[in-house]
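Single-structure report; data block below.
What follows is calculated from the coordinates using simple rules that are stated; it is not laboratory data. Predicted, not measured: the structure shown is a model, and the values here were computed from it. So basically every Cβ, Gly included, is an ideal-geometry build from the backbone, and we count neighbours across all protein chains shown.
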Amino acid sequence: MTDNDHNSHSPINPNTLPNFACMPNVATMDTSHVDKEQPPFILVDGSYYLFRTYHALPKTMQNSQGLITNAIRGTLNALLKLMRRYHPTHMAVCFDTKSPTFRHAMSEEYKANRPKMDVELAEQIPYIHRLVAALGIPLLRIEGAEADDIIGTLAYRAVAEGHHVVISTGDKDMMQLINDCVILEDSFTGKITDGAGVVEKFGIEPHQMIDFLTLMGDSSDGIKGVPGIGKKTAKDLLNKYGNIEAMLANVADIKGRAGKNLVEYADDIPFNAQLATIVTDLEIGQDWTDLKINTDPCAHIDELRALYTELEFRNELASLDHPNHPANGSQSVAHAQADSESQAQIAKSLQSSTTDNITDSKSRDSAWHTILDAPAFDSLVKRLEAAPHFVIDTETTSVYWRQAEIVGLSFALQAHEAYYVPLTHRLEGDELSAKQLDRDTVLARLKPILENPNIGKIGQHLKYDAHVLSHYDIDLIGAIHASPNNWAMDTMLASYVINAAITRHGMDDLARHYLQTQTISFEDVAGKGAKQVTFDQVAIDIASDYACEDADITYQLFDIFHKKLSDDENNAKLLHELEIPTAEILCQMEANGILIKRSFLNELSERFDEEIIALEKRAYEIAGEEFNLGSPKQLGEMLFDKLGIPGGKKTKSGQYSTGEAILSKIDHPLVEIVLEYRGLSKLKSTYTDALANVADAKSDRVHTSYHQALTSTGRLSSTDPNLQNIPIRTATGRLIRQAFIAPAGRVILAADYSQIELRLMAHFSGDKNLTQAFNEGLDIHAATAAEVLGKEVAEVTATERRNAKAINFGLLYGMSAFGLAKQLQMSRGEAQEYIDMYFERYPGVKDYMINTRASAYEQGYVETILGRKLYTPDITHSNRMVKQGAERAAINAPLQGSAADIIKLAMIAVDKVLPKDQGKMLLQVHDELVFEVDSDKVDEISQLITDAMQDVLTTTAAEKGWQVDFAVPLLVETDSGANWDEAH
DNA sequence: GCATCATCTTA
DNA sequence: GTAAGATGATGCG
C-alpha cells in the first residue's frame, strides 16, 4: 500500500456549502443487504482520541528527550484495542486539518471558543500519523473537511457496500449516524452505543439526533439552538411530533416559551440544522479498495520498530515479537470469528460455538476469551492445574466484601491473554446469559486448584477475593502463603512495599503508572451514581472485556513487580514475609468481627438523644432564637455577631472558627452547652447509632475493613466502620467501649505496646539519657521532666509531667516551637526555651532530627526498622511550608512506620502461638491488639501473647532474616475484662 | 447527587 | 507538630 497521507488535497471548496437537501441519511438508510458475519468496517475519529487522551493521561509520560507521549500512547492503545477486538479487514483513521471548513464559512461562532492547540499536543501529531501508517491502517485528512464528515461519508459508503460499521469515537454528535448496522464505540472508556443506547441516553431515536441538536444547541460547536428548549423539552417535543417539520406545522399546539420561541426563531432552524448535520456525500478522492488494512505483517515492521524505539515504548517494542500483536497479521476472517463473542452486540444472529478455539493455543491469537461451554472450561481447568501460578480475579455484586456475591471469575496464565468465566449475569435480553456455566459446578471444580498451596496465586487486593471465595467455602488466603515458591503475589501490596507514597494502589492507578494504559473503568461498564448497576446486570460481552482486562493487567503488573522485587531483596521480603502474611491474618480478623451489645448501644443512643434535645432547648433560650447548633457557620454568627462575644477568629473560608480550641477559652453559658452538645451528637451519630446500624443483624458482630495499602508510613487504616478511633479519653466516650463485648464464656483481652514510638526514638537516636530511662523502666514523661528541670523523678509535679509529655509527643511529630507553644498554651519564646533545654539533655535526639532531615534530603527517602523505604518527595519542594511539612513527616515516618512494622510482626507471631479454639484476634489499633479469649484461659493466653509481642524482634523478625539489635526493651501491657473498656 | 469544609474521634 | 476516617452542613450543578 502507498502512503495514505497523500490524500491531503482539497477536493471541496470550503466556501461551497454541501447540498444538505440531497444528503444521504445513514440513520435511515436500507441495511437489509449487510452481512454482519464479516468483521466490521472500523472508522476511527482520530481527532477525538488525540484530545481525549492528551487531557486525560498524565503529562509525565515522556521519552528521555522530553517529548510528551501521552496522546500518542493513548491513541495507539485505542487502535490496538480495536484491532484486537474486531480483527477488521477495512479501517480508516480520520483526522481534522487546521484549515477552515464550510462550517466556519457559514458561521463566525463555529468553534470560535476553542482555544489554540497546546504545543505539547501539536508536536505529538506527526508521530501519531506515522504510527497509523506503520500499523498499515489507512489515514485520511481532507482540507476543508472535518473528521466527522469523512466518517459520515465513509459510513454511508461502507454500509451501501454491504459492511457493518463500528465508528470509534466519544463524540455524541456522531450518534446521528447510528443504525442497526452502525454503532459507536469509545475505545478510551470502552462504552458502546447502539440505537438502544441513544434511546437510553437521550430518549430519542438516532435519526432524530440532528433535530435534537438543532433544537437544544451545542455550545461547544457553536450551535445556538432554540432558546428555552433544552435536553428535556427537545426530547418531549421529538417524541410527540417526530421531527422539527411536524413541530412547526403544529406549532400552535405547543405551549409556553418553547412554542413561542419556535415561531420566533423558526428562520434560524435550517441554518442550525446544517451546522449540526454531518456530511455524508463528501468527495473523498480515495480509491475505495485502498481502505483495506495492509495485512502483511512485515510491511512496516521496521518503521514501527523505529517509532517505538524513538518514543521509548518498551512494552510495545517487545510485543512486536509476540504473536498476539495486532500488527502481526491477525486480520483473517477465521480469527475474527474466533473472537466473535465481543461482537455479539452487533452480530446477534451469530450464535455459533465461539470458544472451541481455546484448546488450540497455537492458532489462538485473540487475547481475551469468554468461557461459555464445558469443553472450554475443561481445557482452562487443565491449564490452571498444570500452571506454577496464575492470576485470579473475582467479579461480584458489591465492593463490600461482606455482601459480595460472585458474578464471574477471570484468569490469566500469561500477559496479554485472559479468560472470563461468567456465572451469574442476569441482564434481561442478554442472550449469552443463558449459556453461562453453573456457578456451583465451576466453583467445586476450581476449589482444589485454588486451595492448592503449590500453585501460586496472583491477584490485585487478594484479601477481597479471599473473602468472597470464602462465602463459597473456598479457602484462597490460607493457600497463599503456605506456598513454598515465591510466586504468590498481591500486586496492590507489591506496589505499596515498593513505594507507599504513590497514594493510590488501585489497579487503574497501577496500570496508568506502570503500564501507561488507561483501563476500562467500572463506571464505564456499569454506569455511575444512582444509575449504577451491579455487575450481574452488565452484558456478558462487555463484562468479559472488563474482567479479562483486569486479569491481563494484573499479570502484566506481576511481571513488572516480580522483576523489581528480584532487584531488591528486602522489598521482596517485606512483601512475602510481612505484608502477605499480615493480609491473611487481617482477612481472618475481619471475618471474625467483634461482638457488640446492641441493647446497650440503643440505650445510649436514647439517653444521648434526650440530653441533646434538652441542650438544644436551653441553647435556644439563651440565644433568644432557634438555630442549628450543629452548624459551625450559624453558631459562629450567633456567638460573635448576635451575642457580641469577643475573640472571634475567621477560618480561611471566611467563616468564624468555632473549634474546641477556640470555644474552650470563652466563658459563656451558650458555649458550655455547645461543647456538651457537640460531644454528645458526635458520640451518637458517629458511634452509638452507626455501630448498631452496621452490626450483623444475626450475629451482632461488627466487621471492619482494614486497608493495608493506604497510609504513607505503613500503618493500617480501618473503615466501614472505623474501629481505630473508638473514644477513650472521656468518661462518656468510654461508655462506647463498654458496648464491645465477648461472647458467653469469653472475655476481651487487650495487649498494647507501651510507648513504642518513643522507644523507637531511643533506638534510632541512640541517645544515652533516653535509652537509660527506658532500660531503668522509669515513667518516661516524669523522667523527661526530671531530666530537663534537673530534679528527682519523685519531685516532678503533675504540670511538669504534662509539659514533658507534650514535648515527648512533639518530638515524634517533628515538633516546632510554634506547635508546642500552641499545645501548651505558652508563648513561642517559652516553648523554644523548653525545647532548647530538652535538646541539651538529649543531644542524641537532636542529632536524630538533624540526620533524618539530611538523609531524607540526600536519598529522597527514610527507612523503617525493617528497611521499608518511605519516600519523601516534597522534601525538595520550593514552597517553604510544604518543604517543612515534608521534613516533619520525614522525622515521624521512621518512628510511626517502624511501630507499624513491629505490630505486623507481632500479629504474625501471635497468630502462630494462639490456640485457635481458645481465642481469636479481633482488632488492631496501631499499637494495640484486641482479642476475645476463653475466660478460664485468660492468664495463660495473656502470657503467651505478651511473650510473643515482646520478643518479636529476636524471634519472628530474626527468623525471617531481619537482624535488629534493639536498644531498649519492648514492653507490652495486657488487661482483660467483660468489655473493651475494662480490658484497657 | 457530589464535593468540600469544619469538626471531632483515635494512635 | 505525625498518621488516619466519619459526620453534618453547605454550596455547586
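Approximating the spin labels as points 7 Å out from Cα along Cα→Cβ, the A:A266-to-A:Y400 distance works out to 5.8 nm.
Binning at 5 Å from 0, report for the range A:62-211 what percent of all alpha-carbon pair distances ends up in each bin. Reading the bins upward from 0: 2, 8, 15, 19, 20, 17, 12, 5, 1, 0. Here the simple spin-label model places points 7 Å from the Cα toward Cβ, and for A:Q62 and A:F839 these points are separated by 3.8 nm. Between A:T441 and A:D917, the simple label model (points 7 Å from Cα in the Cβ direction) yields a spacing of 4.0 nm.
So what is the relative contact order for the range A:614-761, in percent, with contacts set as C-alpha pairs under 8 Å and at least six apart? Here the relative contact order equals 13 percent.
Remark on A:L140: its backbone amide H falls under 5 Å from those of A:V93, A:C94, A:F95, a criterion applied only to residues 5 or more positions apart or on other chains, H modelled at 1.01 Å from N. Straight Cα distances below 18 angstrom link A:K564 to the lysines A:K573, A:K869, with same-chain residues fewer than 8 positions distant left out.
The stretch between A:T797 and A:K883 holds 27.2 nm of extra length on full extension. This uses 0.36 nm per residue minus the Cα-Cα distance. Rounded to the nearest 10 degrees, the angle from helix A:756-765 to the longest Cα principal axis of chain A is 90 degrees. When the alpha carbon coordinates of the range A:135-210 are projected onto the principal axes, the ranges are 36, 27, 26 Å, largest first.
Out of every Cα-Cα pair in chain A, what percent are more than 57 Å apart? Intermediate results must be reported in sequence, preceding the final value.
On the way: 126938 of 483636 pairs.
Percent of Cα pairs beyond 57 Å in chain A: 26.
Here the calculated FRET efficiency for A:D253 and A:I613, from their Cβ-Cβ distance with R0 = 45 Å, stands at 0.20, rounded to the nearest 0.05. Once the Cβ-Cβ distance of A:M106 and A:L710 is raised to the sixth power relative to R0 = 60 Å, the FRET efficiency obtained is 0.65. Using the Cβ-Cβ distance between A:E200 and A:M29 with R0 = 25 Å, the FRET efficiency computed as 1/(1 + (r/R0)^6) comes to roughly 0.65. Its Kirkwood hydrodynamic radius, worked out from the mean inverse distance over all distinct Cα pairs, puts the range A:940-984 at 12.0 Å. Listed by chain and number, the aspartates and glutamates whose alpha-carbon sits under 15 Å from that of A:K937, ignoring those within fewer than 8 places in the same chain, are A:D917, A:D975.
Take the Cα coordinates of the range A:599-699, assign each an equal point scatterer, and use the Debye formula without solvent to give log10 I(q)/I(0) at q = 0.17, 0.21 Å⁻¹. So the normalised log intensities work out to -0.78, -1.04. Given the range A:25-66 reduced to its alpha-carbon atoms as identical point scatterers, what log10 I(q)/I(0) does the Debye formula return at q = 0.25 Å⁻¹? Scattering profile of the range A:25-66, log10 relative to I(0): -0.97.
Relative to the longest principal axis of the Cα atoms of chain A, helix A:938-950 runs at roughly 70 degrees.
By the rule of a C-alpha distance below 16 Å, with chain neighbours fewer than 8 residues away ignored, the lysines paired with A:K531 are A:K191, A:K201. Got a sec? Which residues in the range A:442-466 would a label at A:T719 touch, if it sits 7 Å along Cα→Cβ and we count backbone N under 17 Å? Once the point is set 7 Å along Cα→Cβ of A:T719, A:461-465 turn out to lie under 17 Å by backbone N, inside the range A:442-466. Quick one: angle between helix A:580-592 and the longest Cα principal axis of chain A, in degrees between 0 and 90, rounded to 10, please. Relative to chain A, helix A:580-592 is tipped by roughly 80 degrees. Building the convex hull from the alpha-carbon atoms of the range A:385-448 and averaging its projection over directions returns 5.7 nm². Percent of alpha carbon pairs in the range A:352-561 separated by more than 27 Å? So the pairs more than 27 Å apart make up 26 percent of the total in the range A:352-561. Eigen-decomposition of the gyration tensor built on the alpha-carbon atoms of the range A:720-778 gives equivalent ellipsoid semi-axes of 34, 14, 12 angstrom, largest listed first. Based on C-alpha pairs under 8 angstrom that are at least 6 apart in sequence, chain A has a relative contact order of 9 percent.
Each Cα pair of the range A:538-660 feeds into the Kirkwood radius, which the Stokes-Einstein equation turns, at 10 °C and 1.306 mPa s, into a diffusion coefficient of 74 µm²/s.
Cross-link check: pairs A:K457/A:K563; A:K617/A:K822; A:K633/A:K682 evaluated at a Cα-Cα cut-off of 28 Å; pairs beyond the cut-off: A:K617/A:K822.
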